[in-house]
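Below: the structure, in structure tokens.
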Protein chains: 2
Amino acid sequence: MALYIDYADEIQRLILDAALTPCERLPSVREVSRRRGLSVSTVLQAYRLLEARGLVEARPRSGYYVSPRNRADPRQPDRPVTTMHAMPSGVPVDRGGLIHEVLEATRSRDLVPMGSAFPDPRLFPLARLRRSIYRGLQHVDAHQSVEDLSPGNAALRRQIAVRYHLDGQHVDPDEIVITNGALEALNLCLQAVTRPGDTVLIESPTFYGALQSIERLGRRAIELPIDPVRGLDPDRLKRQLAVHRPAACWLMPTFQNPTGALVPAAAKQAIVELLAAHEVPLIEDDAYAELYYGARRPPPARVFDRTGNILHCGSFSKSLAPGYRIGWAMPGRYVSCVLRYKLESTLAASLPAQVGIADYLRGTHYDTHLTTLREQLRRRRDGLIDLVRTHFPAGVEFTRPEGGYVMWLRLPQGISARRLYHQALAAGVGIAPGVLFGCDDTFDDHIRLNYGHPSPAALERGIVRLAGILTEQSE
Amino acid sequence: MALYIDYADEIQRLILDAALTPCERLPSVREVSRRRGLSVSTVLQAYRLLEARGLVEARPRSGYYVSPRNRADPRQPDRPVTTMHAMPSGVPVDRGGLIHEVLEATRSRDLVPMGSAFPDPRLFPLARLRRSIYRGLQHVDAHQSVEDLSPGNAALRRQIAVRYHLDGQHVDPDEIVITNGALEALNLCLQAVTRPGDTVLIESPTFYGALQSIERLGRRAIELPIDPVRGLDPDRLKRQLAVHRPAACWLMPTFQNPTGALVPAAAKQAIVELLAAHEVPLIEDDAYAELYYGARRPPPARVFDRTGNILHCGSFSKSLAPGYRIGWAMPGRYVSCVLRYKLESTLAASLPAQVGIADYLRGTHYDTHLTTLREQLRRRRDGLIDLVRTHFPAGVEFTRPEGGYVMWLRLPQGISARRLYHQALAAGVGIAPGVLFGCDDTFDDHIRLNYGHPSPAALERGIVRLAGILTEQSE
């Protein structure tokens, strides 16, 4: 076959793969000729063949461009939402696959995003952050770009320490390791205090990220049932500690995901003291802490720590800048190990996001933003409660979180959350089925609803549709 | 003790910890009062006490500020370079500690940075990248900030695919997973194809990151000695594959770190075929690929892959944007596993860095920049070779890399690289001692010199000082 046909086929493949997108300029004939070692006339022939096939078009004095005719709707996600198959209830769950599916589904804008893990992105100060990055990077000299390795940008660590200070906690910036979101912080902390085969106490239900990390890293989970309002009961923990010898405990004592539970301060203190007495390190996921609806930020477990036994993890992903992937670990006496693992596994967090957030935090914008965000989330919670009370059939129970943006809801007897998930999806509504948050099918009678992501109008639409499905099934 | 003294002491601690820096504004009296539940007069008394202590100063109608008097030199790194202790040769090496120390030392600007792992940051188009981020983020709508999860920003993946295409390789953007630098890509790939206890074939000497990952994740390394010019010999690999049953092979066939070795294309092909025949996945670290001095980019092992057996990893950290932490994995048939592990461990790469690089790549700047960068690095290599020939004592052997920016150098007999490292550091010169790149002391007669980071003048100064130490010891 002639060389130019081969080359045209190759470009065609790039267009079909969407590596070259509609209206994008093709590489110049001369450039291709130089780099691929093809003659100019061969490349030109290839481009003309593609033109004949209707895939590209020539623009005078400008070059060749991918034809716009198949222009995709730019609002469509690049990857299709996984096709859903009806799944009979009772079949063992591939939790990993299901989580992936739920995450993928949140990318579709046609869906009411009550299954999402993030709040409404329109609630974030993205334009201001963009200017902060621009300004912040202006003050970064060249050397900083190779020096700002972990533990991370010094100005950002100072700003984080000052924020803890304002909430009455002393934090030395050198205790902070900046990470790629709280998820990386939690993963590093888990690796710092446990080894493969070790057992880890977790809440039940729990953040699925904890289950995934424990599984992927070869640790074993022991689930402690929690109260959906008051979280983990210290007495229950005490009984478990008398039986098991866990290597670590991983908890989310403030606005727990998925329940929204808040462990009261006295119970937090009791948990911290129990774990210290048993020498079991506590990994504290505090990612939702800034999203409190009350007058003050609830104290994290960390404030009761006297022995450096708590590995506290925070994040800006839920409260300021989702997508920037900036979180942090304050790993107490394990700081050097966490820092070393961070350096070994991802070296450092991304510089533009770090300096941008550091710049943003220097002003008073963050507190103003948080005040508005908390108020919005509280109102949406109240709105959701009204909607559920109005539309859902009897027998539904739900939590009333004091912070964060997720509600944990128990379905009427006999209804499978997994089946409901698929039915809801078919009706354009995303929800998170309860089985994501446990090791087995225990929570197939629960769902987690994100009320912070959908607009109030979408939330109403979603709840009405869900209610329709539920009512049909309850009859 | 009076409340205001307690509070003043607390602020003092923040100032001494540098959480509050010179000239920074203290939180407003009213804000502190509200959040800490202290009366306005208590906070005011505390601030006045700090003023009396000389730590803060009041500015009329503006508030209280940390005193500038102890203003630190802003060019100083925040963390002191670890104090070095003379270490007798022959003591077992704490490689992890030593790597950490060498990394820390590169942050000191007083040191000639020949021990660094990065090229000269002044060689990068940081101002253009900053504008690209600003422009790129302008086109990001709110939803994208929560949708652009892994595999990563679609425009960036397309740009990467197009660059491979220009070098004659077909890549589907959907095969690409954007990561937090090549280091994360390599770590995810290792986890995707091996389990704890498995053996992994690596080069000897090798990139220390490979040793660290293998150790941290509970795998075992088998070192294959390589030629410092032609890299791994396929015949040696063949003999090893007849003996061992490794779960994976981790190589850097192009401009290997630390030797700079380039495996010839035919040998790459032989290696790929051997590994495919033995069903051993190949993790290919191709982070230095763009830094070739010849007419064309050397083909990676990946081009010889017929079975999806190669997990290829690339990066912008060495060639465009150190500190942005943007790399990628093209994991062949393991793509879904790598994607899943990425989602589970760090969720996604940072959005501003992704859209910034995607915007930057749309123009022709990158190729212009790379042409200049390659030429600079090639010249610095030639400069280093001249300097070594002129100043170093006889008996020194060294490589002449065809790309990248590191030289591997064998010291005259009887000289310990570890001891030299400490002596050089005392003389203001950073080098990477050979022991970092192996499991034992084998390479204590080698050093790695980074000729791409120091300016030509600093390089000369560094080599003359090193030569002085070496000559003294050889006598």
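Each value in this text was obtained by applying a stated rule to the coordinates, not by laboratory testing. Quick caveat: nothing in here was measured; it's all calculated off a predicted structure. Reconstructed Cβ throughout: ideal geometry from the backbone, glycine too, with neighbour counts over all protein chains shown.
Details
- Chain lengthening between B:Arg48 and B:His365 when straightened (0.36 nm per residue, less Cα-Cα): 108.6 nm
- Euclidean distance between Cα centres, segment B:204-234 to segment A:377-417, Å: 54 Å
- Nearest 10 degrees, 0 to 90: helix A:456-474 Cα axis against chain A principal axis: 70 degrees
- Cross-link reach list, lysines versus B:Lys318, counting only Cα pairs under 29 Å and skipping chain neighbours closer than eight places: A:Lys342, B:Lys268, B:Lys342
- Helix B:95-105 and the longest principal axis of the C-alpha atoms of chain B enclose an angle of approximately 60°.
- ³J(HN,Hα), Karplus 6.51/-1.76/1.60, whole Hz, each residue of segment A:307-318, x for Gly, Pro: 10, x, 8, 9, 9, 8, 10, x, 6, 9, 5, 9
- With its label point put 7 Å out from Cα toward Cβ, A:Glu57 sits 6.7 nm from the same residue's point in the other copies, in order from shortest.
- Per-bin percent of Cα-Cα distances, segment B:3-66 [5 Å]: 4, 20, 32, 29, 14, 1
- Likely footprinting exposure, B:Tyr65, A:Tyr292, A:Tyr405, fewest C-beta neighbours within 10 Å first: B:Tyr65, A:Tyr292, A:Tyr405
- Going from the fewest other Cβ atoms within 10 Å to the most, the residues B:Val272, A:Val162, B:Val40 appear in the order B:Val40, A:Val162, B:Val272.
- Hypothetical label at B:Arg333: residues of segment B:263-298 whose amide nitrogen lies under 16 Å (7 Å Cα-Cβ projection): B:272-283
- Nearest-first distances (nm) between copies at B:Gly428, label 7 Å from Cα via Cβ: 7.1
- For segment A:180-233, the Kirkwood radius over C-alpha pairs fed into Stokes-Einstein at 4 °C and 1.567 mPa s yields D = 111 µm² per second.
- Cα gyration tensor shape of the protein assembly as shown, rounded if a/c is under 1.5, else prolate or oblate by comparing a/b with b/c: oblate
- Computed per residue of chain B from DSSP H runs no shorter than four, each worth -39500 (n - 2.57), the mean residue ellipticity at 222 nm is -13000 deg cm²/dmol.
- A Stokes-Einstein calculation at 10 °C with viscosity 1.306 mPa s, built on the Kirkwood radius of segment A:321-372 over Cα pairs, returns a diffusion coefficient of 122 µm²/s.
- Evaluated over the Cα positions of segment B:126-366, the convex hull gives a direction-averaged projected area, one quarter of its surface, of 12.3 nm².
- Only Cα sites of chain B enter the Debye sum here, all with the same form factor; the resulting log10 I(q)/I(0) across q = 0.05, 0.06, 0.11 1/Å is -0.24, -0.34, -0.97, listed in q order.
- Distance in nm between pseudo-label sites at A:Ile5 and B:Val229 (7 Å out along the Cβ direction from Cα): 4.4 nm
- Going from the residue with the fewest nearby Cβ atoms within 10 Å to the one with the most, A:Ser319, A:Ser108, A:Ser62, A:Ser345 rank A:Ser62, A:Ser108, A:Ser319, A:Ser345.
- Comparing segment A:302-341 with the 2.2 N^0.38 Å rule of thumb, its C-alpha radius of gyration ratio is 1.35 (two decimals).
- Axis angle, to the nearest 10 degrees, between helix A:154-166 and the longest C-alpha principal axis of chain A: 30 degrees.
- Residues whose amide H lies under 5 Å from that of B:Leu291, counting only those 5 or more places away or on a different chain, are B:Gly404; hydrogens are built 1.01 Å from N in the peptide plane.
- Other residues within the sphere of radius under 11 Å centred on the Cβ of A:Asp386, judged by their own Cβ, net out at +2 (K and R +1, D and E -1).
- Note, ³J(HN,Hα) from phi for segment A:31-48, Karplus 6.51, -1.76, 1.60, rounded to Hz, x at Gly and Pro: 4, 4, 4, 5, 7, 9, x, 9, 6, 4, 5, 5, 4, 4, 4, 4, 5, 5
- Scattering profile of segment A:417-475 at q = 0.22, 0.28, 0.29 Å⁻¹ [log10 I(q)/I(0), Debye over alpha-carbon scatterers]: -0.88, -1.19, -1.22
- Cβ-vector label at 7 Å, B:Ser39, separations to other copies in nm: 9.4
- FRET efficiency for A:Glu397 and A:Asp172, using Cβ-Cβ distance with R0 set to 41 Å, rounded to 0.05: 0.40
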